[in-house]
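The values are calculated or read from the model by the stated rules, or taken from the named source; none is laboratory data. This structure is a prediction, so every number in the text was calculated from the model and none was measured. Reconstructed Cβ throughout: ideal geometry from the backbone, glycine too, with neighbour counts over all protein chains shown. To get the accessible areas, we keep the full protein, side chains included, count just its heavy atoms, and leave off ligands, DNA and RNA. Shrake-Rupley method; radii C 1.70, N 1.55, O 1.52, S 1.80 Å.
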Amino acid sequence: MTEREPLFAALEWQLEAGVDEVVGFEPLDRFTPPPASKAPVSPPPAPGAASSRARPAAAASAAQDTAADGDLDALRERLLAFDGCALKNTATNTVFGEGPSGAGLMIVGEAPGADEDRQGRPFVGPSGRLLERMLAAIGVAREEVYIANTVYWRPPGNRTPSAEEVEACRPFVDRQIALVAPRVLMLAGGAAAKTLLGTTEGIMRLRGRWQAFATPDGPIDVMPTFHPAFLLRSPARKRESWRDLLAVKARLESGRS
Ligand code: URA
């Protein structure tokens, strides 16, 4: 065994565990015990007491609170102060979403990836570039569209967000959609479609079929479609996406006065 082999093995092990970002240039020795602290130590929580796993309560109170946010800026401020989703602890940036409020088309994807986490903007990596080309094909510029995700922070290693993480973010996503109030909501990929339509049906069956998303101001037309990342891996499925995009374009045009 060469001297470097154990180092490569350790690196590979970290990659498999989802550690695929360097967040500091100075190594930290995590094995040396910290000096004894004089600060009082909190007692362990009593059995049955609320713990850091009490996410549903955080989500429930966020749902009530977000109803008071009258615009996207207020909602963003509330999200930045929100600590109810564990993904925030490992992310570099909050990816709130972007685009004009009152956009005719809103797109919701699954979760920020590495590029999005670095830049704090949704769909700026390879999937985003394909998404922009898809939109351009129906005569829509990215800047005209409001783009967001079902969670606001990158899951480590790009894993699928857990049900708990999605649930924690959900009140914000619901409010964001209600505030943008688009003519058409396009859900990119099975995860976004399942989350926002509350179904277990897969995207293969859901895509291309109009659905409705309920908001306090009435239902919004929803088009579930393939995720651009899937299309990058399976370009032959672009034909079905194209049909979905044409349906979206027609619906957008029918909403114009
Ligand atoms: N994939 C997503 O679902 N969202 C992004 O923002 C980027 C990639």
statement: For segment 89-124 the number of residues that are within 11 Å of the ligand (Cβ to nearest atom) and among the polar types (S, T, N, Q) is 1
- request: Pairs only if they're at least six apart or on different chains, beta carbon under 9 angstrom, first in segment 228-241 and free of Cβ contacts under 8 Å to residues at least 12 places away in the same chain, second within 15 Å of the ligand (Cβ to nearest atom) and of a type in the set (A, V, I, L, M, F, W, C); list them, first residue then second.
  value: Ser234/Phe226; Arg237/Phe226; Arg237/Phe230; Arg237/Leu231; Lys238/Met134; Lys238/Phe226; Lys238/Leu231
- prompt: Is it the case that Arg209 is of a type in the set (Lys, Arg), away from the ligand (no atom under 15 Å from the Cβ) and not in a loop (DSSP other than H, G, I, E, B)?
  reply: no
- prompt: What's the number of the condition Ile138 fails, among (1) of a type in the set (Val, Ile, Thr); (2) over 18 Å from Ala214 (Cβ atoms); (3) crowded, with 18+ Cβ neighbours inside 10 Å?
  reply: (3)
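Which residue is surrounded by the fewest Cβ atoms within 10 Å (Cβ to Cβ), if the candidates are limited to segment 74-111 and must be acidic (Asp, Glu) and farther than 15 Å from Glu165 by Cβ?
The first filter runs over segment 74-111 and keeps only residues acidic (Asp, Glu), leaving 77, 83, 98, 110.
Checking which are farther than 15 Å from Glu165 by Cβ leaves us with 77, 98.
Numbers: Glu77: 12, Glu98: 17.
The extreme case among them is Glu77.
Would you mention how many residues in segment 212-245 are open to solvent by 20 Å² or more (accessible area, probe 1.4 Å) and either farther than 14 Å from Met134 by Cα or more than 15 Å from the ligand (Cβ to nearest atom) (or both)? Break it down stepwise before answering.
If we filter segment 212-245 for residues that are open to solvent by 20 Å² or more (accessible area, probe 1.4 Å), which is where we start, we get 212, 214-219, 221, 227, 229-230, 232-240, 242-243.
Going one step further and asking which of them are either farther than 14 Å from Met134 by Cα or more than 15 Å from the ligand (Cβ to nearest atom) (or both), we end up with 212, 214-219, 221, 233-240, 242-243.
So the count comes out to 18.
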message: Please list, ordered by residue number, the helices (runs of 4 or more DSSP H) wholly in segment 110-186 having 3 or more residues that are among the acidic types (Asp, Glu) and under 25 Å from Thr66 (Cα atoms).
response: 163-180
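For segment 65-109, name all the residues that are among the acidic types (Asp, Glu), under 18 Å from Leu179 (Cβ atoms) and out of contact with any Leu (no Cβ under 8 Å at 6 or more places or on another chain).
Taking segment 65-109 first, the residues among the acidic types (Asp, Glu) are 65, 69, 71, 73, 77, 83, 98.
Among the residues that remain, those that are also under 18 Å from Leu179 (Cβ atoms) are: 65, 69, 71, 73, 77, 98.
Scanning segment 65-109 gives Asp65, Asp73, Glu77, Glu98.
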